[in-house]
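Read through the structure below, which is laid out as C-alpha cells, and then see the notes.
Bear in mind that the values in this text are calculations on the coordinates, not laboratory data. Only a predicted model underlies this, so the values are computations on that prediction, with no experimental measurement involved. Please note: Cβ atoms are built from the backbone with ideal geometry, for glycine as well, and neighbour counts cover all protein chains shown.
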Amino acid sequence: VKNNGSPGVGFYHDEMTQAFPNRMIMETHLRRAVELNELTLHYQPQVDLQNGEITSVEALLRWNNRKFGAVPPSEFIPIAEENGLIHSIGAWVIDQACLQLKTWALQGIKQIRIAVNISPKQFTQTDFDQVIMNALKKYQIDPRLLEIEITESAMSNMNTTLIMLKKLKKIGVKISVDDFGTGYSSLNYLRLFPIDILKIDQSFVREIQSECKDAAITKTIIHLAHSLGLEVVAEGVEEIEQVSFLRNEQCQKGQGYFFSKPLPSEEMEKKLLDIV
Ligand code: C2E
Ligand code: CA
Ligand code: CA
Ligand code: CA
C-alpha cells in the first residue's frame, strides 16, 4: 500500500517481516490477558462545565503484559477486533464497569455514570443487549448509570442498528456517539436513532482557539445537540482557553487532560471522595 513510487520493494518486506511475528506473539498473549488479570480499566472524568462537578467517567482499557509492558488500546483493540477476542474482552469491560458501579455504591460514593467503549464488531453481535442485561442484573445496577459509547462506523447498517438501539433504549442504558463528526451519515442517524449524547471528537476541539473552521464545527455540533435535546461532551480539552470557549457556547460537559488524565480505579475513587 505504502510502496507506490518508493525506492525499493525491500523496505516494504523488512517492515512486514518485523511486524508480522510481533503481532502473532502479541495475539497469543492477548488471548490470555483476561485470565492472567492483565487488563484493567482506567477512568477519565467528564466534568460539568458550569459547576465543575464530575458527572460521569469514561472507562478506558489498559493492558499491562509481562513481555510487552503497557500496550496502548490503539494497538491491541484492532487485533482483538480481527481475531474475535473483542467479544470476550468487551464483555469483561462491561462486567468490570458494572462491578465498579456496585463497589462505588457500596462505598457511598456519589452516583456517577460510567461510559464504556463498544467496538463496532461487538455492537453488531445479535445478543449484545443480553451481555449488557446480564451485567446489570449481576450487580443490580441502575441502567441509567451505564453509558454505551458507539462510533458512527458501528451504525452503518441502518436496520440492525435501529433494532439494537431500541433494545438498549428499552433496557434503559444511555447511548452516546463517540468521535462525533468524523464518520458518515451523521444527520440521518440522528434523525432515526434513539441517541442521548454526542461526544465532539477531539480533533475539532484541539484547535478551536486558532482554526476558525474547527471553532465553527464545534459550535455547530453544540447547537445541533441542543436543538435535538441531546447532551453534548467535548473531548480532548487540554487548556483553559478551550474551557472558556466551550462554556461560552453552552457546551454542557468537557473531558480531557485539563481536568484529569484517565486514572486507575483507586485514584478515581479519591477524586470522587474529594480527598485529592
Ligand atoms: P476514545 O474512545 O476516543 O478515547 C479517548 C482517548 O483520548 C483515550 O485514549 C484518552 O486517554 C485520550 N485522551 C483523553 N483526554 C485527552 C486529551 O486531553 N488530549 C489527548 N490528546 N488525548 C486525550 P486511549 O485511552 O489511549 O484510548 C484510545 C482509543 O482506544 C479510545 O478512543 C477507544 O477508541 C479505544 N478504547 C479504549 N478502551 C476501549 C475499550 O474498553 N473497548 C473498546 N472497544 N475500545 C477502547
Ligand atoms: Ca470513547
Ligand atoms: Ca472519542
Ligand atoms: Ca477514537
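At-a-glance table
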{"read-out": "FRET efficiency, 1/(1 + (r/R0)^6) with R0 45 Å, evaluated for residue 24 and residue 274 via beta carbons", "value": "0.45"}
{"read-out": "Likely footprinting exposure, 189, 257, 43, fewest C-beta neighbours within 10 Å first", "value": "257, 189, 43"}
{"read-out": "Expected 222 nm ellipticity per residue - DSSP helices of 4 or more, -39500 (n - 2.57), all of the chain, to 500", "value": "-14500 deg cm²/dmol"}
{"read-out": "Phi to ³J(HN,Hα) by Karplus 6.51 cos²θ - 1.76 cosθ + 1.60 over segment 208-216, Hz, x for Gly, Pro", "value": "4, 6, 10, 9, 5, 5, 5, 4, 5"}
{"read-out": "Selection of GluC sites (Glu not before Pro), segment 25-82, meeting DSSP coil and at most 16 other Cβ within 10 Å", "value": "35, 53"}
{"read-out": "Leading residue at positive end of dipole, segment 194-276 (Cβ point charges), from 240, 221, 262", "value": "221"}
{"read-out": "5 Å binning of all Cα-Cα separations within the chain, expressed as whole percents from 0 upward", "value": "1, 5, 12, 15, 16, 16, 14, 10, 6, 3, 1, 0, 0"}
{"read-out": "Vicinal HN-Hα couplings computed from phi for segment 32-49 (Karplus, 6.51 cos²θ - 1.76 cosθ + 1.60; Hz; Gly/Pro x)", "value": "9, 4, 5, 5, 7, 6, 8, 9, 9, 10, 9, 10, 10, x, 10, 10, 5, 6"}
{"read-out": "Computed Rg/Rh of segment 23-146, alpha carbon atoms with Kirkwood Rh", "value": "0.99"}
{"read-out": "Distance between modelled label sites at residue 142 and residue 110, nm, 7 Å Cα→Cβ extension", "value": "1.4 nm"}
{"read-out": "FRET efficiency for residue 241 and residue 92, using Cβ-Cβ distance with R0 set to 30 Å, rounded to 0.05", "value": "0.20"}
{"read-out": "Loop-resident sites, segment 221-276, for GluC sites (Glu not before Pro), counting at most 15 other Cβ within 10 Å (DSSP)", "value": "238, 239"}
{"read-out": "DSSP-loop trypsin sites (Lys or Arg not before Pro) across segment 40-147, with at most 10 other Cβ within 10 angstrom", "value": "66, 67"}
{"read-out": "Distance between modelled label sites at residue 160 and residue 70, nm, 7 Å Cα→Cβ extension", "value": "3.5 nm"}
{"read-out": "Only Lys, Arg (+1) and Asp, Glu (-1) charged, at Cβ; the chain dipole about Cα centre in debye", "value": "800 debye"}
{"read-out": "For segment 75-106 and segment 108-153, distance of Cα centres in Å", "value": "10 Å"}
{"read-out": "Inter-label distance, nm, simple model (7 Å from Cα along the C-beta direction), residue 190/residue 212", "value": "2.3 nm"}
